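Chemist: My structure is below; once you've seen it, I'll send some questions.
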Amino acid sequence: MNRSNTHIIFLITLFAFFTSIHAFGQESNDAIFQTSIVGAIFQGDYDGNFTFGELKEKGDFGLGTFNHLDGEMIGLDGKFYQVRSDGTVHEVSDSMKTPFAVVTFFEADKVETIDKPLSCNEFKEYISSLLPTRNIFYGIKVKGDFSYIKARSVPKQKKPYPPLAEVAKEEAIFEFNNINGTMVGFWLPEYLKDINISGFHFHFISDNEKSGGHVLECNLKNVQLEIDYIRDINISLPDTKSFNTLNINTIKSEEVKKVEGVKK
Ligand SMILES: [Zn+2]
């Protein structure tokens, strides 16, 4: 074999190698970072030792809650918001702590415009049809006009902390009509169900930064959908006595329905 033939074979091999790594095209290289696991939160482990200052170094986009379970958290474009159970929205200071948060540095791998009305379930079915595989993780950003959002927040808890299913009974419900804003969320595979919420999980923040919460229902009018394909996950477990002594049970799907209030 002469030198130029060897060269060509080398180039073909190189091309085949690179095209085989990215089965779905060029993916941005990013990771999910989360503090604690839902198994611990479901059992009432509501105090973590991870600050929002530290969390901001792990992602600019995500959701979660605060120590004492003091409301719903939304992270968008590097800014973090707290939606308390009275419906008020506050900017989160770096010294505040979280017992559970899920973030990533959001980079869209797929962008779609949706300009027809869709219910939350129709929308979730549509997103599901776009996912190239059900075995990896996805960050999902939905920005635009919503004809309806039903959201909730949870009230700050006192010790001894009740399990999350008990707290969900006293959740505050907010309904918004014709509102502009962003749904921030994730789709995670079934096999992560004791680590995080499997399926879809969305929080909402309005453009005027005055309304939001954990999304229970939604109707879309005209939105831009962005999906971030993610293959890495980093989990930081709290270094607290309560976490270390917790007897973490497997989560039952009825419990998730009670707490999350959404169909998968
Ligand atoms: Zn939530």
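Chemist: Scan (1) more than 16 Å from the ligand (Cβ to nearest atom); (2) under 18 Å from the mean Cα position of the chain (by Cα); (3) farther than 17 Å from Ile41 by Cα for the single condition Asp194 breaks and write down its number.
Modeler: Among (1) more than 16 Å from the ligand (Cβ to nearest atom); (2) under 18 Å from the mean Cα position of the chain (by Cα); (3) farther than 17 Å from Ile41 by Cα, Asp194 violates only (3).
Chemist: Right, next: Output the residues belonging to segment 217-261 that are of a type in the set (Asp, Glu), within 16 Å of the ligand (Cβ to nearest atom) and either touching a Ser or Thr at 6+ places or on another chain (Cβ under 8 Å) or modelled with pLDDT of 95 or more (or both).
Modeler: Glu217
Chemist: Quick check on segment 87-109. Is at least one of its residues open to solvent by 50 Å² or more (accessible area, probe 1.4 Å), within 16 Å of the chain's Cα centre (by Cα) and touching a residue at least 24 places away in the same chain (Cβ under 8 Å)?
Modeler: Yes, that holds for at least one residue.
Chemist: With segment 173-239 as the region, which strands (runs of 3 or more DSSP E) entirely inside it contain at least 2 residues that are over 25 Å from Val92 (Cα atoms) and open to solvent by 10 Å² or more (accessible area, probe 1.4 Å)?
Modeler: 212-230
Chemist: If you don't mind, there's one more thing I want to ask. In segment 198-216, how many are away from the ligand (no atom under 13 Å from the Cβ) and out of contact with any Asp or Glu (no Cβ under 9 Å at 6 or more places or on another chain)?
Modeler: Total satisfying the criteria: 5.
Chemist: Among the residues of segment 110-132, what is the count of those that are more than 23 Å from Gly261 (Cβ to Cβ) and open to solvent by 30 Å² or more (accessible area, probe 1.4 Å)?
Modeler: 9
The values are calculated or read from the model by the stated rules, or taken from the named source; none is laboratory data. The shown structure was predicted, so the numbers you read here are calculated from the model rather than taken from an experiment. Positions of Cβ are generated from backbone atoms using ideal geometry, with glycine treated the same way; all protein chains shown enter the neighbour counts. Keep in mind that these areas ignore ligands, DNA and RNA; they rest on the heavy atoms of the full protein, side chains included. Shrake-Rupley method; radii C 1.70, N 1.55, O 1.52, S 1.80 Å.
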